[in-house]
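Worksheet: one structure, shown below.
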Amino acid sequence: MPRPAIELADIFRLHGQAYRAAHSLPRPQLRVMRAIEVCRTATLGGHVETCSQCSHIRVSYNSCRNRHCPKCQNRERAKWLENRTAELLPVEYFHVVFTLPAEIAAIAFYNQDVVYGILFRTAAQTLLTIARDPQRLGAEIGFFGILHTWGQNLLFHPHLHCVVPGGGLSPDGQSWIACRPGFFLPVRVLSRLFRRLFLEALEKAFASGKLRFFGERETLQHPASFSAYLTPLRKTEWVVYAKPPFGGPQQALAYLGRYTHRVALSNRRLLAHQQDSVTFQWKDYRRRGRQKSRVMTLAADEFIRRFLIHTLPDRFQRIRHFGFLANRHRRRKLALCRRLLLHPITELLPESAACIQLSRVLESPPPLRCPACGAAILVQALPHSRWPAQPPDTS
């Protein structure tokens with residue numbers, strides 16, 4: 001696949017130093033900027049490939065492996081997808097999205113670790129509780145959630161994507177209970193329970209002193225102001241969106257690949273980079289019909305700001321598993337699900353899944369051959385240098 005004409009790293013290298021001088025950035029954002037700037041440059045070392053027969057030489061530099069870098073995470077993504085492939089069940093798969101209101105997103109902006117954790121816990125509790133209700137599904141479900149903090153325009157928009165098999169285990173574990181075809185759980189019921197659980201958890205976090213407020217939200221540090229701020233949110237409808245079911249396990253797997261190991265945007269969405277502005281492609285999902293693709297141009301400083309606000313807290317796990325897919329009993333309960341569904345896993349695996357092929361190539365790459373004459377390639381390692389005071393010049 002050819003390299004995009006414009007990369008996020010190019011923008012950071014050109015404007016990063018001025019942006020850091022003009023803004024006081026937290027350490028995680030500084031690390032993300034530096035990692036992307038030096039990714040696949042001589043700074044991180046690499047290797048030289050030399051043909052043993054002709055004069056062909058190729059230099060390859062190491063990647064930064066930062067989870068925010070649009071050029072990295074291919075190996076991790078392939079491994080993750082291969083593992084998820086082994087967990088597919090022969091049922092419909094549903095996509096449920098929990099979105100935080102703008103008022104809560106404003107609190108989350110300065111309390112990401114706390115609020116993101118509440119989002120995961122309350123969304124999972126909502127799905128598990130409603131699914132266990134005998135009047136709804138009456139089953140123990142399993143699912144995983146992926147945190148996204150961005151919209152297509154790169155603005156701060158925290159929401160949680162959940163991918164759920166359409167059914168679950170009966171309370172006694174002796175049968176599989178399937179949901180109605182094309183319908184999982186009532187969205188309005190999910191929304192209202194999610195709202196109540198989230199606000200209760202947020203109030204507990206406030207009472208224990210875990211929330212911080214700055215700028216125009218600084219008055220919320222007073223209990224009366226905080227309570228008044230939340231009062232309207234108890235009556236508004238929170239957005240919980242259930243998308244139509246996938247066509248089958250393979251379609252679910254293909255969908256997952258677009259939602260796992262990436263942050264904010266890919267390099268291929270970048271269209272142009274002028275002296276002080278950046279143009280990128282985005283989709284406006286509020287527009288009906290097929291004409292959703294649009295183009296946006298931002299000042300370079302604003303583009304960098306929008307990207308960096310999606311930097312995740314250190315060691316924060318943004319993909320989590322729940323129910324019968326929870327890590328502690330996933331293997332045992334998946335085996336039970338397959339036995340009840342009477343489908344061995346080998347019947348579900350796509351024989352030529354791209355993620356499996358990519359993983360095998362990355363784990364056991366074929367011997368290097370010269371593209372000019374086909375002879376064996378000799379590889380010589382390049383040492384990495386110290387972390388640079390300034391971004392490297394790769395022009």
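The values are calculated or read from the model by the stated rules, or taken from the named source; none is laboratory data. The structure presented is a predicted model; accordingly, all values stated were derived computationally and were not measured. Every residue, glycine as well, gets a Cβ built from its backbone with ideal geometry; the counts of neighbours run over all protein chains shown.
Structural remarks
- From the list Ala242, Ala272, the lone residue that is surrounded by 13 or more Cβ atoms within 10 Å (Cβ to Cβ) and touching a residue at least 12 places away in the same chain (Cβ under 8 Å) is Ala242.
- In region 260-283 there is at least one residue that is of a type in the set (Phe, Trp, Tyr) and closer than 22 Å to Val32 by Cβ.
- Enumeration of residues in region 182-209 that are within 25 Å of the chain's Cα centre (by Cα) and outside any helix (DSSP H, G or I): Phe184, Leu185
- Test: Arg262 is within 22 Å of the chain's Cα centre (by Cα), assigned to a loop (DSSP other than H, G, I, E, B) and not aliphatic (A, V, I, L, M): yes
- Odd one out for Ser191, checked against (1) surrounded by fewer than 13 Cβ atoms within 10 Å (Cβ to Cβ); (2) within 18 Å of Val115 (Cα to Cα); (3) not β-branched (Val, Ile, Thr): (1)
- Pairing each residue of region 219-232 that is assigned by TED's automatic domain parsing to the domain that holds Ala205 with any residue that is assigned to a helix (DSSP H, G or I) and of a type in the set (Lys, Arg), provided the two are 6+ apart or on different chains, yields no C-beta distance under 8 Å.
- The residue of region 305-320 that is surrounded by the fewest Cβ atoms within 10 Å (Cβ to Cβ), among those that are within 14 Å of Tyr19 (Cα to Cα) and charged (D, E, K, R), is Arg305.
Residue-by-condition table, conditions (1) acidic (Asp, Glu); (2) surrounded by 21 or more Cβ atoms within 10 Å (Cβ to Cβ); (3) outside any loop (DSSP other than H, G, I, E, B):
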site	(1), (2), (3)
Gln125	no, no, yes
Thr129	no, no, yes
Arg136	no, no, no
Gly145	no, yes, yes
His148	no, no, yes
Leu154	no, yes, no
Leu160	no, yes, yes
Pro171	no, no, no
Arg180	no, no, no
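- Pair list, Cβ < 6 Å and 6+ apart or interchain, from region 201-213 residues that are in the same structural domain as Phe109 (by TED's automatic domain parsing) to residues that are of a type in the set (S, T, N, Q) and not in a loop (DSSP other than H, G, I, E, B): Ala201/Thr122; Phe213/Gln221
- Those strands (runs of 3 or more DSSP E) of region 278-390 in which at least 1 residues are modelled with pLDDT of 70 or more and not basic (Lys, Arg), considering only elements entirely within it, cover 293-299, 319-323.
- The test for being under 19 Å from the mean Cα position of the chain (by Cα) and under 22 Å from Gly323 (Cβ atoms) holds for Ile118.
- Hits in region 35-65 (condition: surrounded by 19 or more Cβ atoms within 10 Å (Cβ to Cβ), at pLDDT below 85 and out of contact with any Leu (no Cβ under 8 Å at 6 or more places or on another chain)): Thr43, Leu44
- Qualifying residue in region 45-62 (condition: under 23 Å from the mean Cα position of the chain (by Cα) and among the small types (Gly, Ala, Ser)): no
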